[in-house]
Amino acid sequence: MRLLICVAQAALGNPKDGRTGSHVNPTSRPRRPVTLDTWQHRFNLFGRHAFCRWTGWTLNQTLWLTSLIVSLASGGNNPTLFDHGSTPGGRVQTEALLALNLLVYQMFSCGGTFSETVWDNVPTPRHVLRSPCVEEAMAHTLLRGRNIVETVHLNLLTEEQTNSLPNMERGRPCWEETRLGRESSEKQTSSFLGRLVPVSRAIRLFKDSPSIVLGEALRYPQLPEQRDPFGTVYDTGKQRMGKSTSLTYLSVNPEAAAWRELASILSLQVLDSKRGRWAHSTCNICGPNTGTGV
């Protein structure tokens, strides 16, 4: 959903007003935006300008491809609960599975120790931070329409909202950067569209190969410097240990049902407030058949 919303925001622009809806009619037959024709070569898995791939990397060490797919075992002696098919020589996966997990890994990869790579002649750290979409184990909340086009439409941010994001410009997505190198990293981490589809990991895939290159790429600012538009922010009333703010995200709690936090989830973001859900301040454009999906 973040990818689809990012594509729509980048190609079609922002809705002008949440009360009147966007200039894009969600009930009409969708047309392929001209922008996607321009950047089609940036959506390939392999090649010089592969999707979400930064330039200027030196290959120091390769890992098994299944390291990218957290539900699968990699190597030869570390089976997971539902997968015992790992082999010492690794496994080649389908390109459809690679595309899906590349996207998921960039957004939801947890921190830990990674192999060291070199980016523009500067070594990357071995201990990497969590990807931005797993900060505070936040619950991502989206408005759900009657079909995929309406769902994307309902979750677009208005021009007023993107102009009011803290310490972020509207920016542009990673695939529109001429060269994804260190010189463009600050623009990506400080923009709304750059954060929607983050490039938090340096990943290089090889066609018909069981190996990949994996390391840390960009580090995205966290609360209170920046915030994710699809997470609900609330004030705990006290500053927590190791944190510079009392603000935090409403998190996913396996031991508590989501409806217990319904008041927080339905709290709308006010433009001059740091709390609530930024992306859903336009919910007054929702029709009677629209619900909220968590």
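The table that follows gives values for the structure above.
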{"item": "Test: residue in the stretch 73-82 that is closer than 30 Å to THR151 by Cβ and either outside any strand (DSSP E or B) or at pLDDT 75 or above (or both)", "result": "yes"}
{"item": "Sole residue being part of a helix (DSSP H, G or I) and modelled with pLDDT under 80, chosen from ARG260, ARG240", "result": "ARG260"}
{"item": "Given (1) at pLDDT 80 or above; (2) open to solvent by less than 40 Å² (accessible area, probe 1.4 Å), index of the condition GLY56 fails", "result": "(1)"}
{"item": "Residue list for the stretch 96-135, restricted to those being more than 23 Å from VAL233 (Cβ to Cβ) and small (Gly, Ala, Ser)", "result": "ALA96, ALA99, GLY112, SER115"}
{"item": "Pairs where the first residue, in the stretch 218-244, is closer than 18 Å to LYS187 by Cβ and the second is in a loop (DSSP other than H, G, I, E, B) and among the hydroxyl-bearing types (Ser, Thr, Tyr), C-beta under 6 Å, 6+ apart", "result": "LEU218/SER200"}
{"item": "Residue, farthest from TRP175 (Cα to Cα), within the stretch 33-46, restricted to residues that are open to solvent by 40 Å² or more (accessible area, probe 1.4 Å) and at pLDDT 80 or above", "result": "PHE46"}
{"item": "Failed condition for THR113, given (1) in contact with a His (Cβ under 8 Å, 6 or more places away or on another chain); (2) open to solvent by less than 60 Å² (accessible area, probe 1.4 Å); (3) under 25 Å from SER251 (Cβ atoms)", "result": "(2)"}
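A quick yes/no check of all residues on (1) at pLDDT 90 or above; (2) within 17 Å of ARG201 (Cα to Cα); (3) in contact with a Lys or Arg (Cβ under 6 Å, 6 or more places away or on another chain):
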site	(1), (2), (3)
SER71	no, no, no
GLY85	no, no, no
PRO123	no, yes, no
ARG130	no, yes, no
LEU156	yes, no, no
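The values are calculated or read from the model by the stated rules, or taken from the named source; none is laboratory data. Predicted model, so just to flag it, every value in this text is computed and none were measured. Methodologically, a virtual Cβ is constructed for each residue, glycine included, from the backbone with ideal geometry; neighbour enumeration extends over all protein chains shown. Keep in mind that these areas ignore ligands, DNA and RNA; they rest on the heavy atoms of the full protein, side chains included. Shrake-Rupley method; radii C 1.70, N 1.55, O 1.52, S 1.80 Å.
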